[in-house]
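Read the structure below first, then the notes.
The values are calculated or read from the model by the stated rules, or taken from the named source; none is laboratory data. These numbers were taken from a predicted model, which means no experiment stands behind them. Glycine also receives a Cβ, built like all others from the backbone with ideal geometry; neighbour counts cover every protein chain displayed. To get the accessible areas, we keep the full protein, side chains included, count just its heavy atoms, and leave off ligands, DNA and RNA. Shrake-Rupley method; radii C 1.70, N 1.55, O 1.52, S 1.80 Å.
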Amino acid sequence: MNVPFSVYLGWITVATIANVTDVLSYLNWDGWGLSPEVWAIVMLVAATAIVSAVCLTRRDVAYALVVVWAFVGIAAKQSATPVVAIPALVLAGVVGIVAAASALGPRGSQTAGARPT
């Protein structure tokens with residue numbers, strides 16, 4: 001099991017998404033007319049899709065739990081903005097459920113990364 005790598009990759013994923021939003025803010029991007037709160041939700045949904053795909057294809061629970069932790073942190077930081085905080089908590093739950101499902105689901109005939117014989 002590569003838990004340290006998974007945790008690091010999870011933080012790299014979160015940091016990449018945060019850095020993209022920071023660069024767009026720095027460039028004074030207008031968000032195609034959408035509010036910053038809507039874009040925050042879009043980024044949370046994008047992160048959820050990425051994490052769910054990785055978790056389901058690689059069965060990487062540690063990776064998903066890092067993102068759950070980050071989403072809960074976002075919800076806490078944005079508690080004064082319920083339009084962002086509530087979706088962050090809901091999507092943290094979605095990622096948690098995907099992680100649990102991937103961990104408890106049926107195992108394939110090959111483990112991730114195994115070479116066929």
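General remarks:
- Scanning the stretch 25-53 for residues that are among the β-branched types (Val, Ile, Thr) and free of Cβ contacts under 8 Å to residues at least 12 places away in the same chain turns up Val38, Val42.
- Counting only helices (runs of 4 or more DSSP H) that fall entirely inside the stretch 5-117 and contain at least 1 residues that are touching a Cys at 6+ places or on another chain (Cβ under 9 Å) and open to solvent by less than 50 Å² (accessible area, probe 1.4 Å), the qualifying elements are 61-77, 82-104.
- Condition check for Val38: of a type in the set (Val, Ile, Thr) and more than 19 Å from Thr81 (Cβ to Cβ): no
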